[in-house]
Amino acid sequence: MSRPQRVTVLGATGSIGLSTLDVIGRHPDRYEVFALTGFSRVAELLELCQVHRPQVAVVPDEPAAVTLRQGLAAAGLATEVLLGEAGLCAVAAAPEVDAVMAAIVGAAGLAPTLAAVHAGKKVLLANKEALVMSGALFMAAVRASGAVLLPIDSEHNAIFQCLPADYARGLAPIGVRRILLTASGGPFREWPAERLADVTPEQACAHPNWSMGRKISVDSASMMNKGLELIEACWLFDARPDQVEVVVHPQSVIHSLVDYIDGSVLAQLGNPDMRTPIANALAWPQRIDSGVAPLDLFALARLDFQAPAPERFPCLRLAVEAARVGGSAPAVLNAANEVAVAAFLERRIRFTEIPSIIEQVLAQQPATALDSLEAVMAADARAREGANQWLTHQGR
Ligand code: NAD
Ligand code: MG
């Protein structure tokens with residue numbers, strides 16, 4: 001067998017990062033860790049370095065680097081420590097690296113993910129915000145460099161598995177009528193609309209089926225996550241927004257479906273555990289054990305489906321509108337959402353104010369074309385400023 005693949009895990013201390021390292025740890029003959037990155041959890045990053053012995057670790061700043069270097073020295077490890085965005089981009093593009101898990105949350109992941117794309121790596125994309133912000137540029141960079149882009153989001157990984165290998169030709173030539181994007185509906189699926197104003201961060205982060213980071217948990221509760229995923233699906237699979245239909249499926253067992261013109265509907269099923277899409281992408285086009293328990297259909301007994309309720313989840317409607325408008329609208333939506341979710345987690349705004357902020361910022365900032373990374377970052381910065389002005393204006 002050939003040498004193990006060398007993997008950089010961006011966002012190693014997060015939920016997706018830890019699941020990735022769990023799968024990698026099951027296959028020492030196939031994978032070795034080249035680099036691990038963390039942000040606020042330096043002690044956890046040190047523990048991961050002790051287990052996975054990466055050549056490089058990346059932290060945000062010098063104080064974190066001092067702490068990590070001390071811990072590494074005490075553990076007798078020679079791991080090199082790099083800093084900040086430059087360090088993230090370096091480990092994403094390093095010549096030694098075969099595959100990069102892009103699992104930083106939010107816009108902070110854009111530059112390193114794009115660095116991996118430009119370097120032509122196998123890019124395992126969990127950081128959906130990066131693609132939502134910069135879709136056209138991102139996909140052009142994938143085509144130009146020959147990077148292999150593999151979706152980690154469970155829905156997109158499911159769609160990827162249900163499509164033929166030549167899906168990049170576009171949906172019509174391969175006979176796809178539409179993509180059916182499943183959504184759990186989050187913890188508030190059955191809550192009356194009037195109770196949503198009093199939702200707490202703890203309630204929003206208690207997802208019924210998935211254990212995830214706090215930002216994506218709030219996005220799931222507001223259904224913004226499904227909106228971001230609809231935009232993500234349009235870029236990954238060259239679909240128009242009207243070719244992607246959201247289907248609420250509370251059990252999260254069908255991870256998404258593809259509806260073909262001959263009436264065939266292909267679905268991918270499995271227990272809700274991110275190690276399945278991670279193992280699928282890591283080993284693609286082969287299959288490896290992920291540690292996920294086999295699906296017990298008899299225990300499950302039934303699968304339910306519902307239409308989404310856009311009046312209760314305005315974030316989904318706002319995302320679909322941004323997808324239709326295109327240009328800078330998805331980047332503005334994403335940035336305003338990141339500011340609003342952070343403010344909600346800090347208890348500065350109500351859950352129901354998240355869409356109010358996004359709607360206002362989108363209305364104030366007409367969409368422009370995004371033809372460079374600078375233009376993407378400028379749209380992102382303007383939207384953050386707009387959202388922060390809203391917060392200041394409201395005295396939050
Ligand atoms: P998380 O909050 O658990 O982890 C985020 C990681 O990003 C951590 O390692 C953190 O250190 C790092 N990070 C945070 N801010 C950073 C910054 N400014 N600079 C550098 N690093 C930073 O989040 P998660 O749930 O693992 O999600 C990661 C990404 O994967 C998100 O884009 C999310 O939408 C996507 N995703 C997650 C899941 C899931 O099940 N958790 C499923 C699908 C997609
Ligand atoms: Mg998902």
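Report relative contact order for the stretch 326-396 in percent, whole number only (criteria: Cα-Cα under 8 Å, sequence separation at least 6).
Numbers: 70 pairs, mean separation 33.7, N = 71.
The value is 47 percent.
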Query raised in the report: Between VAL148 and LEU18, what length in nm is gained on full extension when 0.36 nm per residue of separation is reduced by their alpha carbon distance?
Result: 44.6 nm
Query raised in the report: So what J values fall out for the stretch 252-257 if you push phi through Karplus, 6.51 cos²θ - 1.76 cosθ + 1.60 with θ = phi - 60°, rounded to Hz, Gly and Pro as x?
Result: 6, 10, 7, 8, 2, 9
Report summary line: Dividing the helical contributions, -39500 (n - 2.57) per DSSP H run of n ≥ 4, by the residues of the chain yields a 222 nm value, nearest 500 deg cm²/dmol, of -14500 deg cm²/dmol
Report summary line: Long-range amide H partners of VAL33, meaning residues 5 or more apart or on another chain whose placed amide H is closer than 5 Å, are VAL7
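Could you work out the relative contact order of the chain? I mean the mean sequence separation of Cα pairs under 8 Å and 6+ apart, divided by the number of residues, in percent. Numbers along the way, then the final one.
Numbers: 735 pairs, mean separation 57.4, N = 396.
After rounding, I find 14 percent.
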Requested in this report: Can you send over the carbon and sulfur percentage of the accessible area for the chain, probe radius 1.4 Å, protein chains only?
Outcome: 54 percent
Report summary line: Any helix of the chain counts here only if DSSP assigns it H throughout, its Cα atoms span 20 Å or more along the axis, and its mean Kyte-Doolittle hydropathy is at least 0.0, and such helices are 128-145, 329-345
Query raised in the report: According to the square roots a ≥ b ≥ c of the eigenvalues of the Cα gyration tensor, what is the shape class of the stretch 5-152, taking rounded for a/c under 1.5, prolate for a/b larger than b/c otherwise, and oblate for the remainder?
Result: prolate
Report summary line: Note to self: with every protein chain in place and a 1.4 Å probe, the chain gives an accessible area per residue in Å² of 42 Å²
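Show SER372, SER134 ordered by accessible area, largest first, where the area counts protein heavy atoms only and the probe is 1.4 Å.
Details: SER372 35, SER134 5 Å².
Correct descending sequence by accessible area is SER372, SER134.
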Report summary line: Here, GLU194 and VAL51, labelled 7 Å along Cα→Cβ, have an inter-label distance in nm of 4.8 nm
Query raised in the report: Between ASP166 and GLU385, what FRET efficiency follows from the Cβ-Cβ distance if R0 is 51 Å, with the result rounded to 0.05?
Result: 0.75
Report summary line: So the FRET efficiency between ASP238 and ARG317, C-beta based with R0 = 22 Å and rounded to 0.05, is 0.40
**Report entry** Long-range amide H partners of VAL247 with built H, under 5 Å
**Finding:** LEU181, THR182, ALA183
Report summary line: Sorted by chain and number, the residues with a modelled amide H under 5 Å from that of TRP191, at a separation of 5 or more or across chains, are none
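Antiparallel as a % of all DSSP beta bridges within the chain, to the nearest 5?
Values: 10 of 39 bridges.
Here the antiparallel bridges make up roughly 25 percent for the chain.
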Query - Gain in span if fully extended, VAL247 to ARG348, counting 0.36 nm per residue against the direct Cα distance - result: 33.2 nm
Query - Percent RCO, i.e. relative contact order, over the stretch 5-152, from Cα pairs under 8 Å lying at least 6 residues apart - result: 22 percent
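With a/c under 1.5 counting as rounded, go ahead and sort the stretch 309-396 into rounded, prolate or oblate using the C-alpha gyration tensor (a ≥ b ≥ c being the square roots of the eigenvalues; past the cut-off, prolate if a/b is larger than b/c, else oblate).
Working: a/c = 2.23, a/b = 1.30, b/c = 1.72.
Oblate shape, in that a/c is at least 1.5 and b/c is the bigger or equal ratio.
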Requested in this report: Determine, from the Cβ-Cβ distance of ASP61 and ALA367 and an R0 of 35 Å, the FRET efficiency 1/(1 + (r/R0)^6), rounded to the nearest 0.05.
Outcome: 0.50
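The values are calculated or read from the model by the stated rules, or taken from the named source; none is laboratory data. None of the values given here were measured: they were computed from a predicted structure. Methodologically, a virtual Cβ is constructed for each residue, glycine included, from the backbone with ideal geometry; neighbour enumeration extends over all protein chains shown. These accessible areas exclude ligands, DNA and RNA; they are computed on the full protein's heavy atoms, side chains included. Shrake-Rupley method; radii C 1.70, N 1.55, O 1.52, S 1.80 Å.
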